[in-house]
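**Student:** Sharing a structure, written as structure tokens. Questions coming.
The values are calculated or read from the model by the stated rules, or taken from the named source; none is laboratory data. Fair warning: this is a prediction, and the values are worked out from it, not measured in the lab. A quick note on method: Cβ atoms are made from the backbone with ideal geometry, for glycine too, and the neighbour counts reach across all protein chains shown.
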Amino acid sequence: MSRISFGPQSLDSKITSLLKPLFQGSKKEFLIINNLVKNWEEIVGKKYAKLCYAKSINFTKASANNSSQAKLTIAVYNSAAGFFLENNSEYLLEKIATLYGFKAVHKIIIKQESKQLEDSFKKEIKLSAQNESLLQSQIKDVADKSLAETLEKLGRDILQTK
């Protein structure tokens, strides 16, 4: 039975509820990959976050209850980014361990994939003066700068498609 809640909900709980049906692994795998996806830019940096993503996390069969035996698979679209991530895998493992407070992942596997990168490097969306003022009035009272930037990007995308 699903839980129905009323009133304001955190963005974290909404994202989790949206992603959960897409993920078929165990709850532990889901929680780890969910947190990695949400904090991906902080882990690999802005430059490399556009060129790769956390594809999956696997636990060894011998230690399914021990999350320190997890292997993270990272899909990269650029061979130079893959080379950088491979050479800095120990640093990435430390960043992930800092995020969780323990060594959640013990090995990183890099997989090369193809993707059209031109879509991911979209230019900023230009809005009409009326839509721009509407967007700015909606986000002007948001105190968190990061949240305000995210809402502005989302608003631009929504207002552009109307």
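**Student:** Give segment 93-104 a look and list any residue that's under 19 Å from Y48 (Cα atoms) and buried (at least 19 other Cβ atoms within 10 Å of the Cβ), or say none.
**Tutor:** Correct list: I96 only.
**Student:** Is there a residue being at pLDDT below 85, of a type in the set (S, T, N, Q) and touching a Leu at 6+ places or on another chain (Cβ under 8 Å) anywhere in segment 77-85?
**Tutor:** The answer is yes, given that some residue of segment 77-85 is at pLDDT below 85, of a type in the set (S, T, N, Q) and touching a Leu at 6+ places or on another chain (Cβ under 8 Å).
**Student:** Going by the conditions given, is L159 in contact with a helix residue (DSSP H, G or I) (Cβ under 6 Å, 6 or more places away or on another chain), surrounded by 15 or more Cβ atoms within 10 Å (Cβ to Cβ) and modelled with pLDDT under 85?
**Tutor:** In short, yes.
**Student:** Tell me which of these I33 doesn't satisfy, since it passes every other one: (1) in a helix (DSSP H, G or I); (2) within 18 Å of the chain's Cα centre (by Cα); (3) modelled with pLDDT of 80 or more.
**Tutor:** The failed condition is (3).
**Student:** So which of I125, I110 ends up being at pLDDT 85 or above and on the phi < 0 side of the Ramachandran plot?
**Tutor:** Answer to the selection: I110.
**Student:** Would you please list the contacts, defined by Cβ atoms under 9 Å and residues six or more apart or on different chains, that run from a residue in segment 125-139 that is under 9 Å from G155 (Cα atoms) to a residue that is of a type in the set (K, R)?
**Tutor:** These pairs meet every condition: L135/R156.
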